[in-house]
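What follows is one structure encoded as structure tokens, with my remarks underneath.
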Amino acid sequence: MGHELAEPDWLPLSDHELRGVLGQSEPGGLGRQPVVTWRSPRPMSAAALVRHGDATVFVKRHHLSVRTPGQLAAEHAFATHLRMRGLPVPAVLQLAEGQSVLRRGDFCYEAHQVADGVDLYRDAVSWSPYAHLGHAYAAGAALARLHLAAADFGLPARPAAVLMNSCHVIAAADPLDAANRLVAARPALAAYLARRRWPSDFEDVLTPPIRRAAPLLAALRPQWAHGDWHPSNLTWTSAAPDAQVAGIFDFGLANRTYPVHDLALALERAVVSWLDLPETGTAAADLAAAAFFLDGYQTVRPLTGAEAVALPLLLPIVHVEYALSEADYFTSVAVSTARADLAYEYLIGHARWFGRPPGAALLGFLAGHLGG
């Protein structure tokens, strides 16, 4: 949520708890119990690397208010589809009862193989940039390969939920009405927004760019996409500037959107210094990193003319539905008015930034780079 680590919202995974998830001992039957070797500092879920016998696996626990077994099953199906298409996605594992999702009371669990490669960005805060321009180029190429592999994945879109991406609002003919219907289904979020300048902020800041982008989205073919593409959800072949992507993980925000929406998200999350915005009132854009990322992408999957026009128009609003879902999380699940306020500033402040000189310069640069 900022430059500093946040307190976790959930109790950490324990060794005792994991015995009921992974089984009492490793498959060889030597009696060695699961042991946590590292816990993720990400605050919105409980996740850990776990030594289980001779292997290390990644285990994640979710409260049912955040992810249901059905929602996780869709993520697992998508990850498995990509793995079968040759992408370096860790395998989804079967848990104690022979399924990929295990429910225990108000929680459910999933486990995955550990991604190959070096986890260079494991300790980076959210929205950290790529450490090298070569990493941005390689990440762009890897995202393009994912989009090609995902094109024939047939599950329908997951409905809007807590901490979830979608395109329902930004593709709507009446975006404020679509947003209000989404909010009305979430009483705690509705009560929070009633205390903010919600309708006027939406109409003043979000409606104009949505109306410019929505017709372009309507002409594109939707498909599943990663939804949370940034350096810390990738592993790397080395720490060198020319390292390649070795592993792709964390499909928690994956959904049926559009490749250009996913591409805009990937740029939005890695080429703007958003964490400076609440502290200094401004943020800087790394134009070189944006260019390298796009060039890497287009070496594998060149954008169509319609996608190239849509990308700069999408960038100011690509975060809208996730920001609303994050505000939902902080008003109905891990209740914190202060963090709900941060999510609201994310929703409105990020879009507003694109109307200021640094944001407008980024959009102009992208339009010129893609048009050239």
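Among the residues making up region 157-170, those that are within 16 Å of Pro215 (Cα to Cα) and open to solvent by less than 40 Å² (accessible area, probe 1.4 Å) are Cys167, Val169, Ile170. Scanning region 101-132 for residues that are in a loop (DSSP other than H, G, I, E, B) and of a type in the set (Val, Ile, Thr) turns up Val101, Val114, Val125. Counting only helices (runs of 4 or more DSSP H) wholly contained in region 317-372, the ones carrying 2 or more residues that are out of contact with any Lys or Arg (no Cβ under 8 Å at 6 or more places or on another chain), hydroxyl-bearing (Ser, Thr, Tyr) and surrounded by 17 or more Cβ atoms within 10 Å (Cβ to Cβ) occupy 320-332. Restricting to region 171-186, and then to whatever is surrounded by fewer than 23 Cβ atoms within 10 Å (Cβ to Cβ) and in contact (Cβ under 8 Å) with a residue 40 or more places away in the chain, can you tell me which residue is nearest to Trp229 (Cα to Cα)? Residue satisfying both the conditions and the ranking: Ala171. For the structure I just gave you, tell me whether Ala47 is closer than 24 Å to Thr235 by Cα, assigned to a strand (DSSP E or B) and open to solvent by less than 40 Å² (accessible area, probe 1.4 Å). Yes; evaluated as a whole, the condition is true for this residue.
Only residues that are among the small types (Gly, Ala, Ser) and open to solvent by 50 Å² or more (accessible area, probe 1.4 Å) were counted across region 118-142, and they come to 2.
Within region 210-227, which residues are touching a Ser or Thr at 6+ places or on another chain (Cβ under 8 Å) and closer than 15 Å to Val320 by Cα? Result: Gly227, single match.
Every test in (1) at pLDDT below 95; (2) open to solvent by 10 Å² or more (accessible area, probe 1.4 Å) is passed by Pro209 save one, and that test is (1). I'd like to know if region 253-263 contains one or more residues that are open to solvent by 10 Å² or more (accessible area, probe 1.4 Å) and under 12 Å from the mean Cα position of the chain (by Cα). Within region 253-263, one or more residues are open to solvent by 10 Å² or more (accessible area, probe 1.4 Å) and under 12 Å from the mean Cα position of the chain (by Cα). Looking across Gly296, Gly281, one residue alone is in contact (Cβ under 8 Å) with a residue 24 or more places away in the chain and either surrounded by fewer than 20 Cβ atoms within 10 Å (Cβ to Cβ) or in contact with a helix residue (DSSP H, G or I) (Cβ under 6 Å, 6 or more places away or on another chain) (or both). It is Gly296.
The values are calculated or read from the model by the stated rules, or taken from the named source; none is laboratory data. All of these numbers come straight from a predicted model, not from anything done at the bench. Virtual Cβ from ideal backbone geometry, glycine too; neighbours counted across all protein chains shown. When the accessible area is computed, the model is the full protein with side chains, heavy atoms only, and any ligands, DNA or RNA have been set aside. Shrake-Rupley method; radii C 1.70, N 1.55, O 1.52, S 1.80 Å.
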